[in-house]
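The values are calculated or read from the model by the stated rules, or taken from the named source; none is laboratory data. For clarity, every value in this text was computed on a predicted model and none was experimentally measured. All Cβ positions, even for glycine, are placed from backbone atoms using ideal geometry, and neighbour counts span all protein chains on display. For the accessible areas, the whole protein counts, side chains as well, though only heavy atoms, and no ligand, DNA or RNA atoms are used. Shrake-Rupley method; radii C 1.70, N 1.55, O 1.52, S 1.80 Å.
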Amino acid sequence: MTALLTFTVLVLVAIAIWQMTKIFELSQTKTERTEIANDSDNKNNGYLLFAFLIFIYGITIFSFAKYYKMLLPEAASEHGGDYDQLMWVSFAIIFFVQTITQALLHYFGYKYRGETGKKALFFADNDRLEFIWTIIPVIVLAGLILWGLYTWTNIMDINEDDDPLIVELYAQQFNWTARYGGDDNVLGEANVRLIDIANANVLGIDESDPNAEDDIIVKELHLPVGRKVNFKMRSQDVLHSAYMPHFRAQMNCVPGMITQFSFTPTVTTEEMRLNPDVVDKVKRTNAIRAQKGDDPWEFDYILLCNKICGKSHYNMQMKIIVETEEEFNAWMAEQKTFKESVMVDEAETEAEEQVASTDEEADVELEESASEE
Ligand SMILES: [Cu+2]
């Protein structure tokens, strides 16, 4: 009903505007009306070009001044610095070229505007000019692309050298689970077909794989500072993307396959909380939260989902804590292994079932012997 009313109102408004323009046109009969632009039209359009130029420069400067503080703080991973440098150099080149070409484009648009009796000088081609404006972008772009490829290859060189910590990131609608290899640092085999909700085996870990016994499953990712981490991503249902912005890391999680990313965290959570940019951000955020009556927020690294994966996608996240090796080991020692948490429970339930069924059998036997008598 509301939709129909809105639609009717819109149609009526459109008709009213159309009628008003007709009245306006009728009242303008005395002035000269032609579809061909005259000198004063061209001049006005020329000035509008300058106005537009000022607008795009203005909005660029305004956006940078106002939103610069929204950018991420310094990278907290070893490769993050290279990544940021590549981005900033690309930005600088784009802004430099954009500023100059826009000024030229709009200025020439004004300078060579249409004027009665004036014909702009033109030539069909100029080899030298064309060579210059082809070769400069080719060199600059080839440089950027090669540098980008080199950086990308370095980042994506995932190997088992330097004894990396192996961590599985498991994505499902709408949460994350992390799994460590345990004492042997080897993850047990897993497959979605082995998921056994009744026995809390939510990751589908193969219970017959000895490597799985000491695996540690957690809902909060802890990482020791300075040690390389090899992430192995899995997804249970749809495409997700493991996005760890502070570490400049992102990798898609694809159902049916294992994807990988590797990085070395370089700044602990405690250290990052003291970073001036972070202190500033926390202060700003808490001022807003205080107005709303919310509790103050404390900075933490975070793992987010960066693929629109469903209705609660926006809230699919996991806390990441980067700490010293000692703190990490102490935390790890408190965690239960897969064997302790899931497999033991299962053994108990099986034993209980067995007891229950023997009882039943005994009852039946009793009944049978009773009837025989
Ligand atoms: Cu997701």
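Observations on the structure shown:
- Selection within the stretch 121-180 - of a type in the set (A, V, I, L, M, F, W, C), within 16 Å of the ligand (Cβ to nearest atom) and part of a loop (DSSP other than H, G, I, E, B): Phe174
- Taking the stretch 290-310 as the range and being farther than 28 Å from Ala76 by Cα and in contact (Cβ under 8 Å) with a residue 24 or more places away in the chain as the test, only Gly310 passes.
- In the stretch 223-250, residue least open to solvent (accessible area, probe 1.4 Å) [restricted to those that are of a type outside the set (A, V, I, L, M, F, W, C) and over 20 Å from the mean Cα position of the chain (by Cα)]: Pro224
- Assessment of the stretch 280-288 against the conditions (of a type outside the set (A, V, I, L, M), in contact (Cβ under 8 Å) with a residue 40 or more places away in the chain, away from the ligand (no atom under 16 Å from the Cβ) and under 24 Å from Asn154 (Cβ atoms)) yields no matching residue.
- Whenever a residue of the stretch 105-133 is open to solvent by 90 Å² or more (accessible area, probe 1.4 Å), its partners that are in a loop (DSSP other than H, G, I, E, B), lying with C-beta atoms within less than 7 angstrom and at least six residues away or across chains, give the pairs Tyr112/Ala120.
- Being more than 25 Å from Gln173 (Cα to Cα) and modelled with pLDDT of 90 or more holds for only one residue in Asn329, Asn306, Asn315, and it is Asn329.
- Subset of the stretch 169-183 [under 22 Å from the mean Cα position of the chain (by Cα) and open to solvent by 10 Å² or more (accessible area, probe 1.4 Å)]: Gln172, Gln173, Phe174, Asn175
- Leading residue by the ranking (farthest from the chain's Cα centre (by Cα)) among those in the stretch 290-332 that are among the charged types (D, E, K, R) and surrounded by 13 or more Cβ atoms within 10 Å (Cβ to Cβ): Glu327
- Any hit, the stretch 259-274, residues being free of Cβ contacts under 8 Å to residues at least 12 places away in the same chain, open to solvent by 10 Å² or more (accessible area, probe 1.4 Å) and not in a loop (DSSP other than H, G, I, E, B): yes
- Residue among Ile36, Ile15, Ile56 that alone is more than 30 Å from Gly226 (Cα to Cα), in a helix (DSSP H, G or I), open to solvent by 60 Å² or more (accessible area, probe 1.4 Å) and not small (Gly, Ala, Ser): Ile15
- Cross-chain or 6+ apart pairs with Cβ under 6 Å, the stretch 63-91 first and surrounded by fewer than 10 Cβ atoms within 10 Å (Cβ to Cβ), then part of a helix (DSSP H, G or I) and among the hydrophobic types (A, V, I, L, M, F, W, C): none
- Of all the listed residues (Val238, Val254, Val218), the sole one being under 29 Å from Gly80 (Cα atoms) and either among the basic types (Lys, Arg) or more than 16 Å from the ligand (Cβ to nearest atom) (or both) is Val218.
- Within the stretch 65-95, tally of residues that are in a helix (DSSP H, G or I) and touching a helix residue (DSSP H, G or I) at 6+ places or on another chain (Cβ under 9 Å): 11
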